[in-house]
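Engineer: Below is one structure. I have some questions about it.
The values are calculated or read from the model by the stated rules, or taken from the named source; none is laboratory data. This one's a predicted model, so the numbers in the text were calculated from it and none came from an experiment. Note that each Cβ is placed from the backbone with ideal geometry, even for glycine, and that neighbours are counted across all protein chains shown. To get the accessible areas, we keep the full protein, side chains included, count just its heavy atoms, and leave off ligands, DNA and RNA. Shrake-Rupley method; radii C 1.70, N 1.55, O 1.52, S 1.80 Å.
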Amino acid sequence: PPGSTGPLASPTYFWGTYRPHVYFGMKTRSPRAVVTGLMWLQHGGNLRHTSEQNDGVARYGWLMHDGENFGVQEIRDEGLVLRTEFVKQPGGDHGGDWSWRVTAKMEGKGPAPLLSLFFYVATDGQGTLRPVLENGTRLAAVAGTAEELGDFTLTFLPPTGEGGEGPKYASYNFLAAGVPGLHRLTDLVQQSLRESSVFSPPGRPRRRFFGVSSTGGLHGEPPRGQLLLHQVTLEPPAVLEVTLESGSAAGVRRGRLAGPALSAALARHAAAFEQRFEDTFGLGARGVSLPQRRFAQAALSEMLGGIGFFHGRSLLRSEHREEPVPGAEATLFTAVPSRSCFPRGFLWDEGFHLLLLGRWDPALARDILAHWLDLLNADGWIPREQILGDEARARVPPEFVLQHSETANPPTLLLALEQLLPHAPLPYLRRLFPRLRAWFEWLNRTQAGPEPFTYRWRGRDTDPERFLNPKTLASGLDDYPRASHPSAQERHLDLRCWMALGARVLVALAERLGEPLAPYRDMAAALSDNDLLDRLHWAPELGIFADFGNHSAAVALRWHRPPPVPGRPPPAPQLRREVREAPRPQFVGALGYVSLFPLLLQLLQADSPRLPALLGSMRNERQLWTPFGLRSLARDSPWYLRRNTEHDPPYWRGSVWVNINFVALRALHSYARAAGPHQERAAELYRELRHNLVANVFRQYEATGFLWEHYRDSDGTGQGCHPFAGWSALVVLAMAEDY
C-alpha cells in the first residue's frame, strides 16, 4: 500500500545500509533520501568510496548483518584494516537513532601512514543541512531536516585510541558544497583535495597531506543537493564514532548510543545474531566446523548488507514507439547480485535471493517481492534489469541501460513464492494475486512458441554473423548455446519448464485464496504431462532433452579482413561466423543446464524412464560432473569454453554456477525421498554433489575472502564478479540442507 515504506508504517526498515555500491553508507527508504557515507584515503594511495571490482581492496564484506538493526563489516586495504559497525535504536516517529563505529588499524609492524577518514551527509533534491563547527575547522555536528525524516542531528565524536584509550591527536578539515547529483560525490571530494594541510602532532615531525578545501569542487554544474563532509586525519590505530539522533526520539532516548553504551549494544546484537543464525539454519547442531559457520554467517550477511533502496525511472524501448521512453517513476527495495559489479536489481536473480532471505526473515522477503510486483506495467511486463536513479545508472554501460518491452526473464520470483506461500498472510496474497496473474499471462502470451504448449524466448541477438551462437539474454543463461539461426520456429525447453512451475504456483495460490482454479490447473497438467514433454523436447538421436530450432552444428569464428577503402588505412581484421553446413530444423545438441530443466524443476515423475539418462549425464565427468559442482555445458560439447565473439569470453559454457547447482540439489533431495526405481541413485548423487559444491565455495572464500559469480570447472577457482553474495550465497541453504 502507499506509504508502506515510510517511518510510521515500517520503522524497522526505514534506515538501512541501502547503498550497496559504497563500502559503507546508510540512507532511508525515501524517494529522495538523505544519504550518509564513509570515504578513506591512505596518503600516497587512492580515495576509496564506491566498491569497485578492480580497485585493489584486498577483501571486504559483512561478517554479521541482521537486515534490520545491526551489522559488522571488515575491509582490508593495503595493510589497513577497517572495521565498520552500526547499530540502530528505535524511538520516535522517524525510524529512531543509529550509531556507527569505525575502527582503523594497520596490519604488521612499521610506521603507520597518515590516514584520512571522510564522514559525509548529503541531500538529493530536498532537505536542509546546517553545519555546527568547533574552532572554525572541525565539523562537530550537522543539524538537518528532511521530508519523511523530520529533524535530526548527526554528531561526529572526536577519535580515541584503540581499546578505549583516551583522545587521539587528529587534524580536521571540513567541506560544504553543492552537489549536482549523488553519483558525483566521489568526483566532488576528489577535486576538492589540496596538498596544503599540515599534520603536526606535538613533539613529532610535521607532515603535509591532502585536505578538502572549498576552493576545489565541481564548477559550472547546477547543484541538486548539499554535501557536508568531516575529514579526520590521524595515525592508526584509532576508533571513531558517529551518532544520528532523531528529533522525535528525544522524549524516549535513554542517553547517547556511544562509547561503552555502544560497545554493550553491539555485543548484545552480535550474540542475538549468532543465536538467531543457529536457530534458523542449525549448522552447529549438524556439527559444521566454526570456520564454516563463520563463512555461512558472512555469506548471509553480505546478501543482507547488499539490500538497496532505489528510486527513478527505467529507460524503455517499446514495440509501440520508435524512440526510447522513460518508464513510470518507481521505487524498488531489493537485494543485489554484487556490490561491485551489479549494485542494482535483477529480476531472475531476485527469485534466488528470496529463497535465502525468506528463511531468515519472511516479512522482509515478502516486502521485497511486493516491490518487484509493483514494477509491473499495464501489459503485465517487468523489466529484467532495474536501473533506477543517477547512482545506479552511473554504474551501467550505456548499451545495457535500455530495457526492451518484449524481453522476459525467468519467473524465479515464483520459486520463492512457493516457499513463502504456506505462512504468508491472506490480505498480502490477495494483493499479489492479480499482479502474478497478469505477469504470468504476459509471459504466456508474448513468449508463446510455434505450437500449443511450446515457448520461445524473445529478444535473441539479431546479428548472426557476429556471434558464434547468438545470445539469449532473456533466459538468464546469456550465451548458453541455442539454435544457431534464431527463428520463430524455436522451442525453448527451459522456458517451458519455468511456465510449468508458474502454473503450479498459481494453482496453489488460487486454492489458498478460493479463486477459480480451472485455467491454471489445466495448464499445469498439460505442461507437466511427461508424454507431451517427451514429444516436444526429447531428442532420441541425442538421448537428452533439448531445444528445437533452425540449427547447424558446423559453425566457427574465423578472422576476416574487410575489403580495403581507397585512400584509407587498411581495416582491422574482424572475427566473423562461418557456417559450413546449412542449418535445418532439428534438436540442438547442447548438453548442459538447459537439458536438465525437467529434472531441476521436478517435472519428471519419480519413475520416469528419462531420469537415468539425466542422472547419468550429471555424474559423467566427460559431461557435467566436476569435483566442484555441475558444469554449465558438457565438456564434450563443441561450444565448451568457446568464445562467443572477439570480446565475449565464455560465460555459461562450462563454468560451475551456484544457483543451478542449488536447484539441482533441491531436485535430487526430492527424488531421493520419492519412492521409485531411481531413489538410491538420486540420493548418492545428492550427497556427492552437495559435498563438492559446499567444499569448493568455502575453500575459495578462505583463499580469497569472497563469494564469486561462478567457478572454473577445471580447478574450482572463483571467476567473474566478486563479491557475489547474490545467488552464490545459496550455499548456506545447501549447508543447512534446507530446500
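Engineer: Look through 664, 683, 634 and report the one residue that is more than 26 Å from residue 542 (Cβ to Cβ), hydrophobic (A, V, I, L, M, F, W, C) and either touching a Lys or Arg at 6+ places or on another chain (Cβ under 7 Å) or in the same structural domain as residue 713 (by the TED database) (or both).
Structural biologist: 683
Engineer: Could you check the range 328-338 and list, in sequence order, the residues that are over 15 Å from residue 365 (Cα atoms) and open to solvent by less than 10 Å² (accessible area, probe 1.4 Å)?
Structural biologist: Within the range 328-338, 337, 338 meet the criteria.
Engineer: Further question on the same structure: Need pairs with beta-carbon distance below 9 Å; first residue within 23 Å of residue 232 (Cα to Cα) and within the range 126-148, second among the basic types (Lys, Arg) and surrounded by fewer than 16 Cβ atoms within 10 Å (Cβ to Cβ); sequence gap 6+ or separate chains.
Structural biologist: Every condition considered, the pairs that remain are 142/130; 143/130; 144/130.
Engineer: Suppose the filter is crowded, with 22+ Cβ neighbours inside 10 Å and out of contact with any Ser or Thr (no Cβ under 7 Å at 6 or more places or on another chain); does residue 29 pass it?
Structural biologist: No: the conditions fail for residue 29.
Engineer: Another question about this same structure. Just the residues that are more than 16 Å from the chain's Cα centre (by Cα), crowded, with 21+ Cβ neighbours inside 10 Å and not in a loop (DSSP other than H, G, I, E, B), please, taken from the range 695-731.
Structural biologist: Within the range 695-731, 696, 697, 700, 701, 711, 718 meet the criteria.
Engineer: Please specify each residue of the range 277-325 satisfying the condition of being of a type in the set (Val, Ile, Thr) and crowded, with 20+ Cβ neighbours inside 10 Å.
Structural biologist: Of everything in the range 277-325, just one residue is of a type in the set (Val, Ile, Thr) and crowded, with 20+ Cβ neighbours inside 10 Å, namely 307.
Engineer: Restricting attention to the range 490-518, which residues are within 11 Å of residue 454 (Cβ to Cβ) and either of a type outside the set (A, V, I, L, M, F, W, C) or open to solvent by 10 Å² or more (accessible area, probe 1.4 Å) (or both)?
Structural biologist: Hits for the range 490-518 are 490, 491, 492, 496.
Engineer: Something else: Among (1) modelled with pLDDT of 95 or more; (2) surrounded by fewer than 20 Cβ atoms within 10 Å (Cβ to Cβ); (3) over 30 Å from residue 716 (Cα atoms), which single condition is residue 573 missing?
Structural biologist: (1)
Engineer: A further question on this structure: Can residue 264 be described as without any contact (Cβ under 8 Å) to a residue 24 or more places away in the chain and closer than 29 Å to residue 160 by Cα?
Structural biologist: Yes.
Engineer: Let me ask you something else. Taking the stated definitions as given, is residue 568 open to solvent by 80 Å² or more (accessible area, probe 1.4 Å) and over 24 Å from residue 485 (Cα atoms)?
Structural biologist: Yes; evaluated as a whole, the condition is true for this residue.
Engineer: Here's something else I'd like to know. Please find, within the range 374-400, the residue that is most open to solvent (accessible area, probe 1.4 Å) out of those that are among the aliphatic types (A, V, I, L, M) and part of a loop (DSSP other than H, G, I, E, B).
Structural biologist: 378
Engineer: Please work out if residue 670 is over 28 Å from the mean Cα position of the chain (by Cα) and not in a loop (DSSP other than H, G, I, E, B).
Structural biologist: Spelling it out, it is not the case that residue 670 is over 28 Å from the mean Cα position of the chain (by Cα) and not in a loop (DSSP other than H, G, I, E, B).
Engineer: Of all the strands (runs of 3 or more DSSP E) wholly in the range 216-328, which have at least 2 residues that are outside the structural domain of residue 132 (by the TED database) and in contact with a strand residue (DSSP E or B) (Cβ under 7 Å, 6 or more places away or on another chain)?
Structural biologist: Counting at least 2 such residues, we get 308-312, 315-317.
Engineer: Give the residue that is nearest to residue 316 (Cα to Cα), with candidates limited to residues of the range 361-373 that are touching a Ser or Thr at 6+ places or on another chain (Cβ under 8 Å) and either open to solvent by less than 10 Å² (accessible area, probe 1.4 Å) or outside the structural domain of residue 473 (by the TED database) (or both).
Structural biologist: Residue satisfying both the conditions and the ranking: 372.
Engineer: Kindly indicate which of 652, 625, 559, 639 is aromatic (Phe, Trp, Tyr) and surrounded by fewer than 20 Cβ atoms within 10 Å (Cβ to Cβ).
Structural biologist: Only one candidate passes the filter, namely 559.
Engineer: I've got another one for you. Which residues, counting only those in the range 1-26, are open to solvent by 20 Å² or more (accessible area, probe 1.4 Å) and not in a loop (DSSP other than H, G, I, E, B)?
Structural biologist: Those that are open to solvent by 20 Å² or more (accessible area, probe 1.4 Å) and not in a loop (DSSP other than H, G, I, E, B): 11, 12, 13.
Engineer: Please find, within the range 519-545, the residue that is surrounded by the most Cβ atoms within 10 Å (Cβ to Cβ) out of those that are out of contact with any helix residue (DSSP H, G or I) (no Cβ under 6 Å at 6 or more places or on another chain) and not in a helix (DSSP H, G or I).
Structural biologist: Filtering the range 519-545 for residues that are out of contact with any helix residue (DSSP H, G or I) (no Cβ under 6 Å at 6 or more places or on another chain) and not in a helix (DSSP H, G or I), the one surrounded by the most Cβ atoms within 10 Å (Cβ to Cβ) comes out as 538.
Engineer: Let me ask another. Restricting attention to the range 384-412, which residues are out of contact with any Lys or Arg (no Cβ under 8 Å at 6 or more places or on another chain) and under 19 Å from residue 455 (Cα atoms)?
Structural biologist: 384, 410, 411, 412
Engineer: Anything in the range 401-426 that is touching a strand residue (DSSP E or B) at 6+ places or on another chain (Cβ under 7 Å) and in a loop (DSSP other than H, G, I, E, B)? List them, or say none.
Structural biologist: 401, 405 - these are the residues of the range 401-426 that are touching a strand residue (DSSP E or B) at 6+ places or on another chain (Cβ under 7 Å) and in a loop (DSSP other than H, G, I, E, B).
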